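Report on the structure given below.
Quick note: the coordinates plus some simple rules give every number you see, no bench work behind them. Every value quoted in this text rests on a predicted model; they were computed, and no experiment measured them. Counting neighbours? That spans all protein chains shown, and the Cβs are built from the backbone with ideal geometry, glycine included.
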C-alpha cells in the first residue's frame, strides 16, 4: 500500500535545514536582548514564520533566507549575538539608535553578501573587527557615536565597493592607514571626534570620488 505521507526530497530537506539555521540565529539574537521596552520582539514566536517577525526581511528568491535586520530607533538594550554571522544571506543590518553594548562580533565578517552595516548611536565598545574586510560587497559602514577603541584596521582599505565610512565620535586612536587610499569608490569619510594622530597619508589623494571628508 502506498503511503499517503509526502516524503521530503534531499533538496527540500537542505532548504529546511538552512531555514532552521536562520531561525536559530534570530532566536540567539533575541536572547542577547535584555530590555525591549516597546515590545518589538513580542512577535518573535512560533505562531508566525520568522520571515513575518517584526524587523526581519526575507528573500523570496532564496527560499525565505533572511536578508535584512532593521531595528532602527527601537530602544533595544543588549549585546550583539555572534550567531548573527550564521545569517549567510544577510545584506543589511540597521541597529542604529538603540542601546547595544559590548563588542561588535567578529562573526559579522562571515557575511559575504553584506552591503550595509549601521550601528550608529549605541554604546558599543572594543575594536572594529578587521575581518569586516571579508565582506567584499560592503558599500556603507556607519558606526558613529559609540565607544570604540583601538586603531582603524588597515584591512578596510581592501573593500572595493565601499562608498561611505562613518566612524565619527568614538575613541579610536593611532594613525589613519594609507591603505584607505585604495578605496576608489569612496565618496564619504567621517572620522572627526576621535583620537587619531600623525599625518594624513598622501595615498588619500588618490580618491577621485570623495565628496564629504571630515
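Overview of results
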read-out: Relative contact order (percent, whole number), segment 10-213, Cα cutoff 8 Å, 6+ residue spacing; value: 12 percent
read-out: Modelled FRET efficiency - R0 45 Å, residue 101 with residue 208, Cβ distances, 0.05 increments; value: 0.70
read-out: Pairwise label distance in nanometres, residue 21 with residue 43, each label 7 Å out on the Cα-Cβ vector; value: 2.6 nm
read-out: Segment residue 73-residue 193, length gained on full extension (0.36 nm per residue, minus Cα span); value: 40.9 nm
read-out: Inter-centroid distance (Cα atoms) of segment 21-54 relative to segment 84-134, Å; value: 18 Å
read-out: For peptides 51-57, 140-146, sequence by mean Cβ density within 10 Å, most packed first; value: 140-146, 51-57
read-out: DSSP-defined antiparallel bridges as percent of all bridges, the chain, nearest 5; value: 15 percent
read-out: Over the chain: helical MRE at 222 nm, DSSP H runs n ≥ 4 each giving -39500 (n - 2.57), nearest 500; value: -3500 deg cm²/dmol
read-out: By average C-beta atoms within 10 angstrom, highest first, the peptides 89-97, 200-208; value: 89-97, 200-208
read-out: Protection proxy ranking, peptides 81-88, 150-157, average beta carbon neighbours within 10 Å, highest first; value: 81-88, 150-157
